[in-house]
Every structure is written in C-alpha cells, then in structure tokens.
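Encoded as structure tokens, the structure appears first; notes follow it.
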Amino acid sequence: MHKKICILLVIFTAALFSACSDKPAANKSAAPVAEIKKGVAPVADAEIAVIEMENAGAFGTIKMELYSNIAPKMVARFKELAKEGVYNGTTFHRINQSVIQGGDPNSKDADPSNDGQGKSDKPNVPAEFSDLLYDTAIVGAARGQENDSANSQFFIMLKREAGFDQRYTIFGKVIEGMNNVRTISGVTPKQGERPLENVVIKSVTIQPK
C-alpha cells in the first residue's frame, strides 16, 4: 500500500511540473533571442587589422580582414580601441584546443586572476550574429552570458566549432599569420587555459590593405 502511494505521488508531481513548464518564464534577466543575419557573404573592409606580438621572433605578426557588412558595430569598436592603443600590452590570456583569446585590458596588470573578466570603458556592443560558420581562422567577439555583452575581447579559431555558430559575433578572419596563431596555441606551461608566461600583444594597428 505504501509503495502504491509513493508511485501515485511521483506521477502527480511529474504531471504538475509538466503543466507548469508550459508557462512562459518570468525571468527578466534571461538573454533575449538575437536576430541572425542570414545569406550575407562577408565583404572585407578596405582596412585590415595587424597584430604585432612583443616576442616577434617567436610569434610574428597576425593580419586580419574585417567584415563591416556582417558586424558593423563590433568592427567599429575594434578599430576604435586599436586606434586608441587599448590593445597594446594586452595578452592572449586564454588558450585551448579551439581558440586563442585576448583583448582584455585587465591582462595588462600584475594580477593574473582577473584576466578574462575585463573590458574597455565603453558601452557593450549589441549582438550581431550571422549564419557564417565558426571555422579555422575566423575572428569572433567574446562575450559574457548575455548576448549583448561583447566589448573588447576577441578570439581566433583554431578549428571548426559548430557549437559557436549563431551564438557569437563573427567580425573578421585571419588572412596571414595562422602559423603564428598556432605557435601561440602551443605555448606551455599553462595554468588551466592561461599561459604562465605572458603572450603579449605589442600593438594592434589598422592599416590599408
């Protein structure tokens, strides 16, 4: 008898949960669904971004084309920060099998524990998601949990990652220096995903093609 009562209680609880879960969530903090730009081929800007590494002998130069027709707000922000020198002296603070990530002003200080948590003093950039695929050499905008939380940080893809598609803003692609990106990706030793010896960006400049 006791066993039957327990079974009935479980069934009733499951039915109640199912009924409640059909109701719209009243969570105002949930990230809104971002619009996806579809069927638009990327068109490279007349300017490229050139990343010069501090240890040029080891890490060389990385050149990226930028796609203002895909992500105009993020490209404008990246160019603005580059021209202001915000990226100079930052590091590639996050390196794993999929990406190298940098652009955090916090990585300039002597506290490694805050790397990856920083941003510029400018407002966040709204999501500009597209149906372009996250494949090798693609440059994306890093963000927090909210769709509209991209700011200064960016990452370069080392391989195809379907899970990134339509979830992070794509705003460029490496056109020269992927060998240097891969060299950076192989840096050891690391603590988690962070190199113990800083991999420093000397400068990011915006130059004509």
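With the simple spin-label model, which puts each label point 7 Å out from Cα in the Cβ direction, the residue 97 to residue 182 separation comes to 1.7 nm. Packing around the peptides 145-153, 182-190, taken as the average count of other Cβ atoms within 10 Å per residue, puts them in this order, highest first: 145-153, 182-190. Across the stretch 73-83, computed HN-Hα scalar couplings (Karplus, 6.51 cos²θ - 1.76 cosθ + 1.60, θ = phi - 60°) run 6, 6, 5, 4, 5, 4, 5, 4, 5, 4, 5 Hz from first to last residue, x flagging Gly and Pro.
Round to the nearest 0.05 the FRET efficiency obtained for residue 131 and residue 84 when R0 = 41 Å and r is the Cβ-Cβ distance.
0.85
Amide H contacts under 5 Å for residue 130: 37, 166, 170, restricted to partners 5 or more places along the chain or on a different chain, H placed in the peptide plane at 1.01 Å from N.
Roughly speaking, what is the centre-to-centre gap between the stretch 151-209 and the stretch 74-146 when only Cα atoms are used, to the nearest Å? About 9 Å separates the Cα centre of the stretch 151-209 from the one of the stretch 74-146.
Counted by neighbouring Cβ atoms within 10 Å, the residues 178, 53 run from fewest to most as 178, 53.
In this model, which of 63/122; 73/159; 122/209; 73/119; 122/159; 108/190 are farther than 23 Å apart at the alpha-carbon? Please report the intermediate quantities before stating the final value.
Values: 63/122 25 Å; 73/159 25 Å; 122/209 27 Å; 73/119 16 Å; 122/159 31 Å; 108/190 18 Å.
Cα-Cα > 23 Å for 63/122; 73/159; 122/209; 122/159; rest within.
Under 18 Å from a label point set 7 Å out along the Cα-to-Cβ vector of residue 52, the amide N atoms of the stretch 83-97 belong to 83-92. The label point for residue 121 and the one for residue 196, both projected 7 Å from the Cα toward the Cβ, are 3.6 nm apart. Put simply, when 193-201, 68-76 are sorted by average Cβ atoms within 10 angstrom per residue, most first, you get 68-76, 193-201.
The numbers here are math on the coordinates, done by the rules we state, and not lab data. Since this is a predicted model, take the numbers as computed values, not measurements. Note that we place each Cβ from the backbone using ideal geometry, even for glycine, and neighbour counts take in every protein chain shown.
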